[in-house]
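For reference, the structure discussed in these notes is given below.
Values quoted throughout were computed directly from the atomic coordinates according to the rules given, and no laboratory measurement underlies them. Note that this is a predicted model, so its numbers are computed, not measured. Positions of Cβ are generated from backbone atoms using ideal geometry, with glycine treated the same way; all protein chains shown enter the neighbour counts.
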Amino acid sequence: MVTAKVWVLKKHFEGFPKTSDFELKQIELPNLKDGEVLLESVFLSVDPYMRPYSRRDMKEGDIMIGTQVARIVESKNPVFKEGVFVVARGGWRTHFISDGKDLQLLPSGWPESLPKSLALGTIGMPGLTAYFGLLKVCKIKPGDTVLVNAAAGAVGSVVGQLAKIGGCKVVGSAGSDDKVAYLKKINFDEAFNYKTVQSLDEALRKASPDGYDCFFDNVGGEFATAAIKQMKKYGRIAICGAISQYNESLPQKGPYVQVPMLFKELQMEGFIVTRWDSHREEGLKALLKWVVEGKVKYCEHVTEGFMNMPMAFIGMLKGENIGKAVVKV
Ligand SMILES: NC(=O)C1=CN([C@@H]2O[C@H](COP(=O)(O)OP(=O)(O)OC[C@H]3O[C@@H](n4cnc5c(N)ncnc54)[C@H](OP(=O)(O)O)[C@@H]3O)[C@@H](O)[C@H]2O)C=CC1
Ligand SMILES: CCCCCC(=O)/C=C/[C@H]1[C@H](O)CC(=O)[C@@H]1CCCCCCC(=O)O
């Protein structure tokens, strides 16, 4: 008999999540039935979507949603051998049972020396978000100037690097001087700290006086309002996320986008990365290759200990992470 530790949503988040909104519980797992596997989480992901999706999909008392890299410790499923690592949607649990249907093997050719946690970040869902958002929504081409916010995070840091590979000029904004230094290190052409600049309008103009062809928006709100004004004619805007709004209790008010969009004849498209699930393998293969070749660098913000899941999640929402925020069990 295995006892799993699980984190439960004790109370729906009101405004910014608090540690008291979570509760740690223990669950006895039953013996495996034929076709099932027992998994042990090795790395768990903490992601922005957990904040809005908890309200949409969960009720109080449910185990927190989420993905992990997990190791199969016992198997009664011929497809999954013991010792194999997979990406799973197991929620915030140390151990869990699966029938194998939604388990994903790491991409083939994954070098032993590469951290498996990257399957939650640069070579996982956030990396794919950058890849498909840039190629299919922004439709980048060489010579474009691309702007990305939350640029030092899991998605943003890949957006900037892929745009450079695609022959673009890249401008990033992030919330600390350390993050700005990191962006310069990974080849961003221009980067600024949106929390300390005198004026967002000026910082955006200085970074690209001619304006922007593409804007990959992870943040929304005030930043997006400023950025839209500085798009070039026929510019493309990919709405990837709106993290500045996830913890707001009251809806933000305008300014509204219609007038600048009309004058500049802009395109704005929201997307959810799962739209390209049928091309997932292609995306992961490309990301793995670039990482192995050193063309895409990665950084991870690793919190040690399953006990610290809520702190890791809250820390990510506060902006403590450079690169992907993960928890090592
Ligand atoms: N459409 C899709 O399919 C997907 C969308 N997303 C979205 O992409 C975005 C980035 O996700 P991800 O890369 O995983 O997360 P990050 O690794 O970028 O971590 C979140 C970052 O957001 C920034 N942030 C937090 N609060 C605010 C705020 N109020 N204003 C501005 N920035 C803030 C912080 O960086 P800083 O210090 O720079 O403020 C923080 O580090 C999110 O909006 C997420 O929902 C992610 C995956 C898939
Ligand atoms: C207003 C909310 C916008 C959120 C944008 C975002 O971050 C979306 C992320 C999803 C991405 O498209 C693919 C995913 O894996 C993210 C959502 C996953 C939800 C899974 C919930 C179920 C579970 O884990 O059991």
Rounded to whole Å, √(5λ) for the Cα gyration tensor eigenvalues of the chain, largest first, gives 36, 23, 17
In the chain the cysteines whose Cβ sits 4.7 Å or more from every other Cys Cβ are CYS168, CYS240, CYS299
In nm, the gap between the two label points placed 7 Å beyond Cα toward Cβ at SER249 and ASP62 is 2.3 nm
Label model pair LYS25, LYS185: point-to-point distance (7 angstrom along the Cα→beta-carbon line) in nm is 4.1 nm
Pairs over 27 Å Cα to Cα, from LYS141/LYS233; LYS5/LYS59; LYS164/LYS264; LYS229/LYS297; LYS18/LYS139; LYS139/LYS289, come to LYS229/LYS297; LYS18/LYS139
In Å, the Kirkwood hydrodynamic radius from C-alpha pairs for the range 171-264 sits at 14.1 Å
For TYR234 and GLN104, extending 7 Å from Cα along the Cα-Cβ vector and measuring point to point gives, in nm, a value of 3.4 nm
Out of THR196, THR94, THR303, a Gaussian network model of the chain with alpha-carbon springs under 10 Å gives the largest mean-square fluctuation to THR196
Looking only at aspartates and glutamates whose Cα falls under 18 Å of LYS25's and that sit 8 or more positions away or on another chain, we get GLU40, GLU60, ASP62
